[in-house]
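The structure appears below as structure tokens.
The values are calculated or read from the model by the stated rules, or taken from the named source; none is laboratory data. A quick note: this is a predicted structure, and the numbers were derived from the prediction, not measured. So basically every Cβ, Gly included, is an ideal-geometry build from the backbone, and we count neighbours across all protein chains shown.
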Amino acid sequence: MKPFEVLVVGGSEYNLKITTANAVKLEEKIGTDLLNGLGKLAEIGTLAKYYFAAAISLNDSIKKIEDVYQLFDDYLAQGGSYDELQALIIDVLVLSGILTEKSGESFRLLNDAKKKMSLEQMEKLAEVLQKLSNGDTKTLSEADCLLPNSGT
């Protein structure tokens with residue numbers, strides 16, 4: 001297993017891995033556990049907090065959250081996207097032991113499916129996911145029929 005993920009921006013490599021100490025600090029900053037925080041990765045501020053936790057211990061040039069904002073701006077200026085940054089942070093979470101490989105793959109598949117959904121389907125999926133998080137497993141077939149290429 002590799003020791004960290006790498007983000008290349010402007011010819012510089014940034015090593016990324018979340019340590020236990022930084023995971024605890026990140027949970028305090030986002031106000032929830034890291035798994036629940038994944039639901040907010042589309043929020044740039046939340047994504048930046050995950051990157052800060054992953055970069056602070058391994059990169060001398062990352063000292064404050066504003067350094068991550070600049071890193072994002074530079075990454076976008078060279079043709080990158082927030083979607084790519086979201087995908088990489090999932091890889092970081094897997095490598096750091098926060099997610100299993102299977103969980104990481106499930107999250108990637110869900111993100112891909114969300115990109116193909118209409119707003120109405122996304123709102124319905126959010127309702128279904130809320131029911132599932134409350135323990136209502138009867139909604140699993142409801143969720144399956146919302147996903148693209150599921151037969152509906």
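Filtering region 30-67 to residues that are under 19 Å from SER12 (Cβ atoms) and β-branched (Val, Ile, Thr) leaves ILE56, ILE62, ILE65. Among residues of region 1-28 that are more than 14 Å from VAL92 (Cβ to Cβ) and among the basic types (Lys, Arg), those with a Cβ under 9 angstrom from a residue that is assigned to a loop (DSSP other than H, G, I, E, B) and modelled with pLDDT of 95 or more, sequence gap 6+ or separate chain, pair up as LYS25/ILE56. Among the residues making up region 14-50, those that are of a type in the set (S, T, N, Q), modelled with pLDDT of 95 or more and either exposed (fewer than 14 other Cβ atoms within 10 Å of the Cβ) or closer than 19 Å to THR100 by Cα (or both) are THR19, THR20, ASN22. Within region 69-82, the set of residues being surrounded by 12 or more Cβ atoms within 10 Å (Cβ to Cβ) and closer than 16 Å to ALA42 by Cα comprises TYR69, PHE72, LEU76, GLY80, TYR82. Do you know which of the residues in region 97-131 that are hydroxyl-bearing (Ser, Thr, Tyr) and more than 13 Å from the chain's Cα centre (by Cα) is farthest from ALA21 (Cα to Cα)? Across region 97-131, the extreme among qualifying residues is SER118.
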